[in-house]
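Below is one structure, written out as structure tokens, with a few remarks after it.
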């Protein structure tokens, strides 16, 4: 069995600090350390304290303040990137030039579609496997919901609702270009695509109501998909509580996936409970059903194992570079809709630069 030398760029929260109890990893470092086919040999971070914590936590001496030095010296097969998204393009470029076989990159993939496209192109041209951490794509709960939809358990999918509130860690978070849309809502948007396919058009809002950063702290959006399914997203960083979830509404039932418990309901005829005088009127009520049992796994651990399998056997990761660009584009389309006076915006976007910057130049934020 081949063992792949792996290095981490970015020793912050999702890079390593969240890790508490391997072998059920929560972080990039934890997944690389636990996977039997990867050997975590080095780490790089701009912050000295985080880098030292990483070295102590994983008993690693190869520590670098400059990721380029790490790539030059460590002969890595896999690079895991857990930095702020604005740093992703040069790191990917350097990793590809260093001859790595696979890259596991945090979401969002970049801060502009131009940069996201360049990342995908660089990896495709060099035959480097690129996997983007849309973590729900490896979560058995969300995959079970996909199976239920595909098998018609709730009938035909009609619409979806996503909520993402209070999960960008304000006031500690200081990224000036990464609001709640980019930081967290990309997960919900990626799930919309997982269940409904490609987006046709978007209409949305992006406002700064309270917080000092030059990004939105509240956004509402409507998506229409090419297959006719619609979705509504409610995103803000104004609540004192954290909430993330999606609701999938079908002709025969509803699936709700949310922190604190997953549920689904089936439409059942209940005419005897109503007092309709016309017998031709049919009413159906939703009856709760227990959500199917799913295995307890580490999504990020599964993602790393899948990345290795793609390196060895070919195939595509569950969340590839194009998926990373697509969720980013949904965010940029919301910004563009706001810039155009909340008009519908068709995808793909022709302008591949940053719609957030364009929105600022128009006087927002």
Item to check | Subset of segment 124-145 [farther than 22 Å from residue 248 by Cβ and crowded, with 22+ Cβ neighbours inside 10 Å] | outcome: 129, 130, 131, 132, 133
Checklist entry - Does segment 93-101 include one or more residues that are closer than 28 Å to residue 294 by Cα, out of contact with any strand residue (DSSP E or B) (no Cβ under 6 Å at 6 or more places or on another chain) and not in a loop (DSSP other than H, G, I, E, B)? => result no
Item to check | Hits in segment 24-60 (condition: over 18 Å from residue 85 (Cα atoms) and in contact (Cβ under 8 Å) with a residue 60 or more places away in the chain) | outcome: 24, 25, 26, 30, 31, 32, 34, 35, 37, 38
Next on the checklist: Restricting to segment 224-244, count the residues that are within 17 Å of the chain's Cα centre (by Cα) and assigned to a loop (DSSP other than H, G, I, E, B).
Outcome noted: 1
Checklist outcome for this item: Filter segment 208-223 for residues that are free of Cβ contacts under 8 Å to residues at least 60 places away in the same chain and in a strand (DSSP E or B); the one that is nearest to residue 155 (Cα to Cα) is 222
Checklist entry - Of 258, 316, 269, 282, which residue is in contact with a strand residue (DSSP E or B) (Cβ under 9 Å, 6 or more places away or on another chain) and under 24 Å from residue 93 (Cα atoms)? => result 316
Checklist entry - With (1) part of a loop (DSSP other than H, G, I, E, B); (2) over 20 Å from the mean Cα position of the chain (by Cα); (3) buried (at least 20 other Cβ atoms within 10 Å of the Cβ) as the list, and residue 111 as the residue in question, which single condition is left unmet? => result (2)
Checklist entry - Quick check, is residue 280 outside the structural domain of residue 111 (by TED's automatic domain parsing), assigned to a loop (DSSP other than H, G, I, E, B) and out of contact with any helix residue (DSSP H, G or I) (no Cβ under 6 Å at 6 or more places or on another chain)? => result yes
Checklist entry - All but one of (1) farther than 20 Å from residue 355 by Cβ; (2) touching a strand residue (DSSP E or B) at 6+ places or on another chain (Cβ under 6 Å); (3) buried (at least 19 other Cβ atoms within 10 Å of the Cβ) hold for residue 263; which doesn't? => result (3)
Next on the checklist: Quick test for you: out of 73, 59, pick the one residue that is more than 22 Å from residue 122 (Cα to Cα) and either assigned by TED's automatic domain parsing to the domain that holds residue 309 or more than 21 Å from the chain's Cα centre (by Cα) (or both).
Outcome noted: 59
Checklist entry - Which helices (runs of 4 or more DSSP H) sit wholly inside segment 285-365 and have at least 2 residues that are buried (at least 21 other Cβ atoms within 10 Å of the Cβ) and out of contact with any helix residue (DSSP H, G or I) (no Cβ under 7 Å at 6 or more places or on another chain)? => result 299-313, 321-339
Item to check | Selection status of residue 222, surrounded by 18 or more Cβ atoms within 10 Å (Cβ to Cβ) and at pLDDT 95 or above | outcome: no
Next on the checklist: If I filter segment 250-273 for residues that are assigned to a strand (DSSP E or B), under 17 Å from the mean Cα position of the chain (by Cα) and within 16 Å of residue 149 (Cβ to Cβ), do I get at least one hit?
Outcome noted: yes
Next on the checklist: Let me confirm something: among 53, 88, which residue is assigned by TED's automatic domain parsing to the domain that holds residue 32 and farther than 17 Å from residue 32 by Cα?
Outcome noted: 88
Item to check | Failed item in (1) free of Cβ contacts under 8 Å to residues at least 24 places away in the same chain; (2) within 21 Å of residue 300 (Cβ to Cβ), with residue 150 passing the rest | outcome: (2)
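The values are calculated or read from the model by the stated rules, or taken from the named source; none is laboratory data. Only a predicted model underlies this, so the values are computations on that prediction, with no experimental measurement involved. Positions of Cβ are backbone-derived with ideal geometry, glycine not excepted, and every protein chain shown enters the neighbour counts.
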